[in-house]
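Chemist: Pasting a structure here, questions to come.
Here, each number is a calculation from the coordinates, and none is a lab measurement. Nothing here was measured: the structure is a model prediction, and the numbers come from that model. Using ideal geometry, Cβ is built from the backbone for each residue, glycine included, and neighbour counts are taken over all protein chains shown.
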Amino acid sequence: MNNQLSRPFLLAAALVGSLGLYSLTTRPAVVAPDADNAGLKLPAGFGALVVAETGARARHLAVTPQGTIYVKLNRPKDGKGILALKPGAGGKATVTGGFGSYGGTGIYAKGGYLYASSDEDVYRYQLDAKGEVTNPAQPEKIISGLLNRGEHESKSIVLDNAGNLYVNVGAYSNSCQEKDREKGSMGRPGCPILDSAGGIWQFRADKANQTYGTGTRFATGLRNVVGLDWNAQNNQLFVMQHGRDQLHDIFPALYDTKQSAELPAECLYALTKGANAGWPYLYYDPVKKQKILAPEYGGDGKKLADAKYLDPAVAYPAHTAPDGLLFYTGTMFPAKYRNGAFIAFHGSWNRAPEPQKGYYVVFQPFQNGKPSGPWEVFADNFAGSAEKVASGRADHKPCGLAQGPDGSLYVSDDKAGTIYRIVYNQK
């Protein structure tokens, strides 16, 4: 800039700022929450609005830098497994189209591409400068033939900053018994399921026509992971595991119904290559804060598991089904949320006769890339009432999480298909 022009320009900027005007710097538009905060209970200063109603089981979602929202549907609606929503007035959005004839869970936008998964394959779509898909009918198939045995079949995905794509391959079993979920059935020696499932596989994000066999098993001993995200602070993959079920049903002499409802924890793991979280040989007891040997492999509820297995980074209530994980890097929310994790808990189905739990989004503080301090419920009442939580008959079930370009938080609903947006407007 010419020095003769820069001085008066800066003086004018200071004067405008002192008058409380913003003609030189445009602030993001303030998004007004719905009058009832979309039915959600939130911390002071936060508000929520319903962005759109998709009428389908909305799993994960991605928001481009331009504000376009892409929603992955568990099953196609009108032949479309991915919905495209364009932002409109007041923070709302409109479904403007769809593509992809397959159902599934995973969707992720990075580096000018939109990645999406079925329960067997991963596809890549080119995005243009407007954040719109240019090849909806002809995506590039990145990975094919991922194992799908009809149990824990969701393929959630995430990318790192080095061109790698990570995909969950869930175990097609509860606890690797000889006869799955059958009373008294013991574990299969060596759990052969782990050769092809029960872990995270790594592929290249820019290479077409990779097959299951060409991928690298990045981590193992994970029963099923639906929520996962890459932590940019310490350049590490974090995942949320769904813990095993039915301790009382399978081993009633060792566990009563209350213990079965409260065990095991749903766990957050920080993974490095070669990590082994220990499924099916152990579970994590959140009361004892210990890794306990699984009863299928000789445990009695007290014996400790082998110390060689990975410790969880954080433990959460049992059977609450963590389906979404997002590290928050925006600036809209207060500083305490920066680089912390939001986790969407889909809600329990198998805590009876104890009340069901979950159906909320929690916040887990982080510091320097590691969990720091206790977690807290951030967004609640997706279910509609305490009675609906206890009975498991929730109106809405939070599943996917995404960060908007302005730093707002988007949440998808796997029950009714509502897309929520949470904002912070307190000055």
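Chemist: Using the Cα centre of the stretch 34-424 as the reference point, and only Cβ charges (+1 on K/R, -1 on D/E), how large is the resulting charge dipole? Debye, rounded to the nearest 20.
Modeler: For this selection, approximately 380 debye.
Chemist: Any idea how far apart Thr211 and Arg75 come out in nm if each label point goes 7 Å out from Cα toward Cβ?
Modeler: Output for this residue pair reads 3.2 nm.
Chemist: Extending each Cα 7 Å along its Cβ direction at Gln236 and Ala335, get the distance between those two points in nm, one decimal.
Modeler: Placing both labels 7 Å along Cα→Cβ, they lie 2.4 nm apart.
Chemist: Now for a different question. Could you tell me which residue out of Met186, Leu127, Gly199 lies farthest along the dipole of the stretch 63-211 toward its positive end? Charges go on the beta carbon: Lys and Arg +1, Asp and Glu -1, centred on the Cα centre.
Modeler: Leu127
Chemist: Work out, step by step, the length gained on full extension between Ser391 and Ala416: first 0.36 nm times the residue separation, then minus their alpha carbon distance; give nm to one decimal.
Modeler: Computed gain between Ser391 and Ala416 is 7.3 nm.
Chemist: Sticking with this structure for a sec: Starting from the amide H of Thr105, placed 1.01 Å from N in the peptide plane, find each other amide H under 5 Å away whose residue is 5 or more places distant or on another chain.
Modeler: Sorted by chain and number, the residues that satisfy this are Ser117, Lys155.
Chemist: Find the cysteines in the chain that fail to meet the 4.7 Å Cβ criterion with every other cysteine, and list them.
Modeler: Cys267, Cys399
Chemist: Mind listing the phi-derived Karplus ³J(HN,Hα) values for the stretch 40-50, rounded to whole Hz, using 6.51, -1.76 and 1.60 with θ = phi - 60°, and x for any glycine or proline?
Modeler: Residue by residue, the stretch 40-50 yields 8, 9, 9, x, 4, x, 9, x, 9, 9, 7 Hz.
Chemist: Shifting gears a bit: Along the stretch 194-207, what does the Karplus equation 6.51 cos²θ - 1.76 cosθ + 1.60 (θ = phi - 60°) give for ³J(HN,Hα), rounded to whole Hz, x for Gly and Pro?
Modeler: Taking θ as phi minus 60°, the curve returns 5, 5, 10, 8, x, x, 10, 10, 10, 9, 7, 7, 10, 10 Hz for the stretch 194-207.
Chemist: Moving on to the next point. Where Lys and Arg each count +1 and Asp and Glu each count -1, what net charge lies around Pro87 among other residues with Cβ under 15 Å from its Cβ?
Modeler: Surrounding charge for Pro87 is +2.
Chemist: Of the DSSP beta bridges with both residues in the chain, give the percent that are antiparallel, rounding to the nearest 5.
Modeler: For the chain, the DSSP antiparallel bridge percentage is about 95.
Chemist: Ranked highest first by average number of other Cβ atoms within 10 Å, how do 221-227, 290-296, 383-389, 30-36 line up?
Modeler: So the order, starting with the most tightly packed, is 221-227, 290-296, 383-389, 30-36.
Chemist: Sticking with this one: Considering only C-alpha atoms, what is the centroid distance from the stretch 307-335 to the stretch 384-427, in Å?
Modeler: If you average the Cα positions of each part, the centres end up 17 Å apart.
Chemist: Right, here's the next one. Can you check what the net charge comes to around Pro65, using other residues whose Cβ is under 15 Å from the Cβ of Pro65 (Lys, Arg +1; Asp, Glu -1)?
Modeler: Around Pro65, the charge tally is 0.
Chemist: Starting from the amide H of Leu325, placed 1.01 Å from N in the peptide plane, find each other amide H under 5 Å away whose residue is 5 or more places distant or on another chain.
Modeler: So Leu325 has HN proximity to Leu228, Ala344, Leu401.
Chemist: Also: Along the stretch 84-93, what does the Karplus equation 6.51 cos²θ - 1.76 cosθ + 1.60 (θ = phi - 60°) give for ³J(HN,Hα), rounded to whole Hz, x for Gly and Pro?
Modeler: These are the phi-based 3J(HN,Hα) values: 10, 10, 9, x, x, 5, x, x, 7, 8 Hz.
Chemist: What lysines does Lys41 reach when the alpha-carbon gap must be under 24 Å and sequence neighbours fewer than 8 apart in one chain are set aside?
Modeler: The qualifying lysines are Lys92, Lys336, Lys357, Lys388, Lys397, Lys415, Lys427.
Chemist: Given R₀ = 22 Å, FRET efficiency for Lys130-Thr94 by Cβ-Cβ distance, to 0.05?
Modeler: The formula returns an efficiency of 0.90 here.
Chemist: For a paramagnetic label modelled at 7 Å from the Cα of Ala137 toward its Cβ, which residues of the stretch 60-100 fall within the zone defined by backbone nitrogen distances under 19 Å?
Modeler: Of the residues in the stretch 60-100, 77-84, 96-100 have backbone N under 19 Å from the label point off Ala137.
Chemist: Under a plain spin-label model, where a point goes 7 Å from the Cα along Cα-to-Cβ, how far apart in nm are Asp306 and Asp249?
Modeler: Label at Asp306, label at Asp249, 2.9 nm between them.
Chemist: Add +1 for every Lys or Arg and -1 for every Asp or Glu among the other residues with Cβ under 15 Å from the Cβ of Ala386, and state the total.
Modeler: After counting each charged neighbour, the total is +1.
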